[in-house]
Amino acid sequence: MDKIFYFDYCALVIMSAILFALIYRRLSYGTNNRAFLMLVVSMILTTVFDLGMEHLNRAVPKSKNIPLFLPYFFSYGYFLMRNAGNIFFIIYILVMSKPVLRLKKYLKRPMIYIPYVVIVGLLVSNFFTGKVFTITHEEGYSRGPMIILVYVTAILYSFIGIWYMLKCHKYVARDRWKIMLLQYPLTFISLVIQFFWPNLLVEMFSMSISLLLILIMVVKPEDAIDTKSEVLSYSEFCLEMAKYKHTKESVSIVIIRLTNSYQVRAELGEKKFNSYITKIARHLANRFTYHRQNSNIYFDQSGCFFVTLESDKFDMEHIVPMEIGVFKNKMSDLSSFGLRFDKKICTVRCPKDISTVESLLHFAASFHEMMDPTTTYMPASELVNTKGFHIRNHMNEILDRAIKTNRLEMYYQPIYSFKEKAFVSAEALVRLNDPVFGFIPPGMFIPAAEQNSFIIPIGDFILEDVFRFISENNFEELGLKYIEINLSVSQCIRRSLCDQIFSLKDSYRINTEQVNFEITESAYDNSGDILSENIKALSDAGFTISLDDYGTGYSNMQRVLSIPLTLVKVDKSLADRLNTKKGRTVVKNTISMMHDIDMHIVVEGVETKNTLDELERMGADYIQGYYFSKPLPEKDFIEFLKKNNRRSS
């Protein structure tokens with residue numbers, strides 16, 4: 001029966017297209033891509049040998065002029081390359097599921113190579129026995145009784161591959177895992193078909209379909225590589241750490257956080273900034289190569305490098321501080337732009353210093369805040385035992401407990417009016433006192449709450465408690481006119497925000513003039529139409545709106561004029577500059593400009609009598625800061641008002 005070659009021809013076309021796509025898209029970078037490239041090349045060679053073997057074996061009985069070594073060459077080549085492809089696919093599974101820097105260890109496992117050694121032995125013995133196959137001019141290609149062992153070894157490789165796939169299903173993305181696993185039932189079906197119907201050459205065609213699916217669904221360079229900087233991405237780092245956790249391998253990591261990356265990015269522009277990131281990554285790779293260390297370098301666009309090192313015995317604590325000077329010199333050309341990268345560096349040994357992936361990622365995001373401002377480098381071993389680390393490591397637990405067991409409390413920081421010589425308002429500030437860790441600084445739990453969706457229930461608590469406070473106290477007797485409440489971005493973009501606030505107003509029977517809502521510049525700048533609609537609706541209802549933290553970020557008048565504001569709060573960073581000529585000029589002009597457009601000014605962070613007097617001369621309206629009082633619990637705040645406002649009267 002004549003064999004049908006169309007399946008093999010289609011397979012060759014599909015595989016060649018895959019190879020072209022890999023080369024054209026430059027997918028030879030990274031261990032994952034190289035392993036897949038090797039697999040594709042081996043399958044192309046297998047298909048070529050398969051076509052050559054079948055064509056020659058069919059031609060041999062018809063022409064005695066064909067030397068027998070040619071069909072033997074292609075036949076042996078087919079069997080060797082086909083099973084080599086099985087090895088390459090198992091290697092690809094290992095690459096996808098094991099830590100890259102530990103692959104040498106896993107690739108040494110005998111079970112990967114023993115079936116191939118058996119096949120090589122069978123083919124060598126076939127020279128003498130002809131028990132696997134024979135080729136003669138009279139009968140052409142004939143299968144021998146031992147051919148079944150070739151198929152058995154192929155099935156054995158399938159079982160090995162499936163076993164690895166089942167072991168790695170927890171740390172390979174679900175869609176990728178399914179596509180990779182699909183290769184085995186497709187191969188098994190094609191082997192069965194080709195064994196019972198040898199004229200249907202479907203085996204390589206099924207393999208080409210598997211490779212095509214892997215190219216489309218599994219080989220995703222945009223996931224593995226940060227396309228902006230051409231460095232391995234943060235998501236790839238997270239996957240790699242999950243592999244270390246699952247295999248219980250130890251790993252050494254150098255974390256380099258560029259603490260001012262956002263400012264540098266804004267000044268340089270996206271393209272120039274990312275060219276520097278690429279330059280830094282290459283420099284790091286060269287330096288660790290110089291110290292005879294295999295390394296992988298990852299970058300998170302928030303401004304953080306992660307360098308994983310092959311050797312657990314590498315003396316990071318000695319070498320890394322030495323390299324800081326070299327690193328600084330490499331970046332010296334930024335000075336021509338009047339810029340520099342501020343960096344904090346930490347070395348971590350996992351799981352010795354930090355045992356879980358989640359804890360490591362939390363640590364990487366916050367370790368620079370736990371370091372002394374004058375220190376550039378610290379090993380993680382000196383940080384992980386601090387209270388700050390343990391708080392951050394358990395922050396979700398702390399926030400969940402605070403909301404469920406009512407551990408939140410409102411504090412109020414008085415705001416002084418120059419005109420009325422009294423404290424006429426206050427900013428409501430939430431505080432958290434945990435039964436396990438004690439007082440949690442708001443600078444720690446507020447950002448964590450915003451990142452982990454706890455800010456909504458916290459915001460609900462603030463609104464409810466402040467409205468209650470207003471309803472239970474006689475503002476006129478206390479001398480108060482309104483309380484300032486901060487609204488988070490998450491609250492502002494909720495369509496139900498206004499209905500919630502109007503319901504609280506009616507429930508507690510308070511006047512809209514008694515509440516001022518604060519929003520930050522960044523919140524307004526980075527949100528969409530819902531925030532604008534909510535702010536306008538609140539303003540139309542009679543609530544006043546203030547802009548908080550003016551003077552930080554990229555303040556501009558267009559933003560101020562676009563919001564229905566009555567108050568602008570000048571950030572502490574500007575008040576701190578009043579001791580300089582430039583600082584005084586900026587603050588004075590800011591106050592004058594705001595008055596010209598009928599805005600009132602609140603200056604935050606006032607701590608000294610000199611600053612207070614200077615701001616009074618400049619015409620500031622309101623003052624908030626430690627000079628008068630720190631934030632106070634509700635009862636202490638009421639006593640403060642009774643005492644100080646009575647004295648003012």
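The values are calculated or read from the model by the stated rules, or taken from the named source; none is laboratory data. Given the structure is predicted, the values throughout are model-derived calculations rather than measurements. So basically every Cβ, Gly included, is an ideal-geometry build from the backbone, and we count neighbours across all protein chains shown. These accessible areas exclude ligands, DNA and RNA; they are computed on the full protein's heavy atoms, side chains included. Shrake-Rupley method; radii C 1.70, N 1.55, O 1.52, S 1.80 Å.
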Residue within the stretch 137-144 that is part of a helix (DSSP H, G or I), out of contact with any Ser or Thr (no Cβ under 6 Å at 6 or more places or on another chain) and open to solvent by less than 30 Å² (accessible area, probe 1.4 Å) present: no
Test: residue in the stretch 182-189 that is part of a helix (DSSP H, G or I) and under 12 Å from residue 43 (Cβ atoms): yes
Breaking point among (1) open to solvent by less than 40 Å² (accessible area, probe 1.4 Å); (2) assigned to a helix (DSSP H, G or I); (3) farther than 30 Å from residue 5 by Cβ, for residue 178: (1)
Identity of the residue in the stretch 326-341, at pLDDT below 75 and either open to solvent by less than 40 Å² (accessible area, probe 1.4 Å) or in contact with a strand residue (DSSP E or B) (Cβ under 7 Å, 6 or more places away or on another chain) (or both), that ends up nearest to residue 277 (Cα to Cα): 331
Residues of the stretch 376-410 satisfying the condition of being under 30 Å from residue 627 (Cβ atoms) and either part of a helix (DSSP H, G or I) or in contact (Cβ under 8 Å) with a residue 60 or more places away in the chain (or both): 387, 388, 391, 409, 410
Selection count where residues are open to solvent by less than 30 Å² (accessible area, probe 1.4 Å), farther than 19 Å from residue 184 by Cβ and of a type in the set (Lys, Arg), scope the stretch 53-97: 0
Flag if residue 43 is surrounded by 21 or more Cβ atoms within 10 Å (Cβ to Cβ), under 18 Å from residue 183 (Cβ atoms) and touching a Gly at 6+ places or on another chain (Cβ under 9 Å): yes
Subset of the stretch 192-207 that is part of a helix (DSSP H, G or I) and either open to solvent by 20 Å² or more (accessible area, probe 1.4 Å) or of a type in the set (Gly, Ala, Ser) (or both) - its residue that is modelled with the lowest pLDDT: 195
Residue that is most open to solvent (accessible area, probe 1.4 Å) [pool: residues in the stretch 444-462 that are under 16 Å from residue 389 (Cα atoms) and touching a residue at least 24 places away in the same chain (Cβ under 8 Å)]: 444
Residue in the stretch 231-251 that is in a helix (DSSP H, G or I), farther than 29 Å from residue 369 by Cβ and aliphatic (A, V, I, L, M) present: no
Filter result (open to solvent by less than 50 Å² (accessible area, probe 1.4 Å) and not hydroxyl-bearing (Ser, Thr, Tyr)) within the stretch 487-499: 487, 491, 492, 497, 498
Elements of type helices (runs of 4 or more DSSP H) in the stretch 437-544, at least 2 residues being closer than 23 Å to residue 416 by Cα: 455-472, 475-478
Pair list, Cβ < 6 Å and 6+ apart or interchain, from the stretch 237-253 residues that are touching a residue at least 40 places away in the same chain (Cβ under 8 Å) to residues that are aliphatic (A, V, I, L, M) and in a strand (DSSP E or B): 244/251; 252/309; 253/348
Criterion: loosely packed, with under 15 Cβ neighbours inside 10 Å, aromatic (Phe, Trp, Tyr) and more than 17 Å from residue 640 (Cβ to Cβ) - qualifying residue of 439, 467: 439
Condition broken by residue 235, with the remaining ones in (1) surrounded by fewer than 18 Cβ atoms within 10 Å (Cβ to Cβ); (2) over 18 Å from the mean Cα position of the chain (by Cα); (3) polar (S, T, N, Q); (4) closer than 18 Å to residue 298 by Cβ satisfied: (2)
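Residue by residue, here is whether (1) within 41 Å of the chain's Cα centre (by Cα); (2) within 12 Å of residue 412 (Cα to Cα); (3) β-branched (Val, Ile, Thr) holds:
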site: 594; (1), (2), (3): yes, no, no
site: 597; (1), (2), (3): no, no, yes
site: 607; (1), (2), (3): yes, no, no
site: 624; (1), (2), (3): yes, yes, no
Selection count, the stretch 226-276, where residues are of a type in the set (Lys, Arg) and under 29 Å from residue 318 (Cα atoms): 4
Pair list, Cβ under 7 Å, 6 or more apart: the stretch 411-425 residue within 17 Å of residue 615 (Cβ to Cβ), other residue part of a strand (DSSP E or B) and open to solvent by 20 Å² or more (accessible area, probe 1.4 Å): 413/429; 415/622; 416/622; 417/622; 423/416; 425/482
Per-region count, the stretch 404-434, residues farther than 30 Å from residue 617 by Cα and surrounded by fewer than 18 Cβ atoms within 10 Å (Cβ to Cβ): 7
